[in-house]
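A.B. asks: Have a look at this one before I ask anything.
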């Protein structure tokens with residue numbers, strides 16, 4: 001009887017941890033989507049700024065310093081967007097894992113490129 005009770009408690013703890021992991025991944029994904037939208041808009045605006053400052057420079061209406069300033073604002077925004085996109089994709093993998101998805105490179109259904117030990121395409125999904 002004690003073994004059954006211990007197994008039941010372990011199962012409940014595992015289920016609660018899985019729900020927590022799924023909830024955390026969904027919340028993080030939602031937050032990253034909001035951040036990504038803001039950064040996409042910022043990058044687009046900074047690109048316009050770079051283009052306009054370059055046109056002003058080419059027309060002789062401003063110095064190259066204005067172009068450099070615009071580029072100095074664009075690059076960090078692009079880096080932040082790239083990092084957010086990476087984080088967004090990682091949280092999708094974490095969500096998939098939390099939902100019980102998995103992939104096994106030793107499965108017979110999965111065979112990478114001939115003579116290669118690293119996957120070149122997405123692994124097979126199992127349910």
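Coordinate-derived values only; no laboratory data. All figures in this text were calculated on a predicted structure; none of them were measured in a lab. Cβ coordinates were reconstructed from backbone atoms using ideal geometry, including for glycine residues, and neighbour counts include every protein chain displayed.
A.B. asks: For the peptides 9-21, 42-54, 59-71, what is the packing order when you average, over each peptide's residues, the other Cβ atoms within 10 Å and list the highest mean first?
C.D. replies: Going from most to least packed, we get 42-54, 59-71, 9-21.
A.B. asks: Follow-up question, since we're still on this one. For residue 93 and residue 71, compute 0.36 nm times the residue count separating them, minus their Cα-Cα distance, and round to one decimal in nm.
C.D. replies: Extra length available between residue 93 and residue 71 comes to 4.6 nm.
A.B. asks: How much length is gained on full extension from residue 19 to residue 33, taking 0.36 nm per residue of separation minus their Cα-Cα distance?
C.D. replies: Stretched out fully, the residue 19 to residue 33 stretch lengthens by 2.9 nm.
A.B. asks: When you take every Cα atom in the range 2-98, what is the radius of gyration, and what is Dmax, the widest Cα pair distance, in Å?
C.D. replies: For the range 2-98, the Cα radius of gyration and maximum Cα-Cα distance read 23.4, 85 Å.
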